[in-house]
Amino acid sequence: MTVLVTGGAGYIGSHTVRALRRTGRDVVVLDTLERGNREALLDTPLVVGNIADADLVQSTCAQYGVDEVIHFAAYKSVGESMQRVGPYMHNNVDATVSLLDALSAAGIGRIVFSSSCSVYGTPEIVPVTEAAPIRPESVYAETKAIVERVLHWYGEVAGIHSVSLRYFNAAGASFDSVIGEDWDAAINLIPMVMKAVLGFRPPVQVFGTDYPTPDGTAIRDYVHVDDLADAHIRALDYLAGGGVSTALNVGTGIGSSVKEIIIATESITGRTVPADYVGRRAGDPVSTFADPRLVRATLDWTPQYGLYEVIETAWNWHLSHPYGYKPGPAK
């Protein structure tokens, strides 16, 4: 009884691996390490390889007795995806099809998929429910939407049951600061704010101060990474209990503005956040946050942490790991 975690050496994957092991589950990670970090796995068994390698997937499943899967392995940069269509389609979509074929051949019928709220594009109504139209606005988002449809048909034809978790803005780090988000690969607001506070980058650019929001800046839904890890575990339990395939929004239901992030960071760190306030950025939604009622009803999942814990754990991680998982320069 083992969980295979693809892409488990990445940010959300490594936190989920750690949470899985706390429940007593056996875990094996399959990761190319192209964008993941071996150090984030601590002593979790790791197979270095690609999910597109069907023989490797089947042999790993047989060797470790895998009976369920959490699938994170994907490229995830929206900007990069708009410049590299082919690699994103091959890595995120084609490789997932190969993975599903290998799982089907191995007789494994339960998978939790790391999807994204980006499948909705710019939502017309907030909070966003699962009934919102699927309108991807990037290649990255399109790959997530395609894989959700692929999973539907593997369920219909091959009997693979799935939960697609459409999460909003993952943030924060482990509470003991052992693992966190390596900002070398991070393009999200909170690690960029931390990087600016610590003097590792120029001031953060705040795009737009004239939005129709309480303080004029854009609003997003920030979910602590440990809460996301818990949602994945609950999704496994749901499938093991006979749950039908579904897609669920995973968010707090509370929107936080860019200015609120900056104010909270300054309060927690006692330092000023260097910031430049500039014009709006094309394509940025005004406000996006989840309606979490369906995930609460389906998985009995409720986030345990709020913005304070997100900022505090992110700060403690970056303060203690300014070079991420890499050693700092020689002294």
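Each value in this text was obtained by applying a stated rule to the coordinates, not by laboratory testing. What you see is a predicted model, and the numbers here were worked out from it, not measured in a lab. Every residue, glycine among them, receives a Cβ derived from its backbone with ideal geometry; neighbour counts consider all protein chains shown.
In straight-distance terms, cross-link reach from Lys144 covers every one of the aspartates and glutamates whose alpha-carbon lies under 13 Å from its own, apart from those fewer than eight places away in the same chain; here that gives Asp94. Net charge near Ala95, counting Lys/Arg +1 and Asp/Glu -1 over other residues with Cβ under 11 Å of its Cβ? With Lys, Arg at +1 and Asp, Glu at -1, the neighbours total -3. Checked against a 25 Å cut-off, the cross-linked pairs Lys195/Lys259; Lys259/Lys326; Lys195/Lys326 give Cα-Cα distances beyond that limit for Lys259/Lys326. A simple packing score, the average count of other Cβ atoms within 10 Å per residue, orders the peptides 285-296, 97-108 as 285-296, 97-108, with the highest score first. Restricting attention to the stretch 167-295, close to 20% of DSSP beta bridges with both partner residues there are antiparallel. Each part gets one Cα centre, and for the stretch 169-222 versus the stretch 264-331 those centres are 5 Å apart.
Close amide H partners of Ser164, meaning residues 5 or more places away or on another chain with modelled amide H under 5 Å apart, are Phe113, Thr246, Ala247, Leu248. Bridges between two residues of the chain, per DSSP, are antiparallel at a rate of about 5%. Normalised by the number of residues in the chain, the average gap of Cα pairs under 8 Å and 6 or more apart makes the relative contact order 19 percent. Along the axis of the charge dipole computed for the stretch 221-305 (Cβ charges of +1 for Lys and Arg, -1 for Asp and Glu, origin at the Cα centre), the listed residues Gly243, Ala275, His224 are led at the positive end by Ala275. Amide H contacts of Ala218: Val258, each under 5 Å away and 5 or more positions distant or on a separate chain (H built 1.01 Å from N in the peptide plane; Pro and chain starts excluded). Listed from fewest to most Cβ neighbours within 10 Å, the set Glu142, Glu181, Glu130 follows the order Glu130, Glu142, Glu181.
In order along the stretch 282-287, the phi-based Karplus estimate (6.51 cos²θ - 1.76 cosθ + 1.60, θ = phi - 60°) of 3J(HN,Hα) comes to 4, x, 6, x, 5, 8 Hz; Gly and Pro are listed as x. Summarising the amide proton neighbourhood of Gly121: residues at separation of 5 or more, or on other chains, whose placed amide H is nearer than 5 Å comprise Arg135, Glu137.
Counting only alpha carbon atoms, the long axis of helix 11-22 and the longest principal axis of the chain meet at about 60°.
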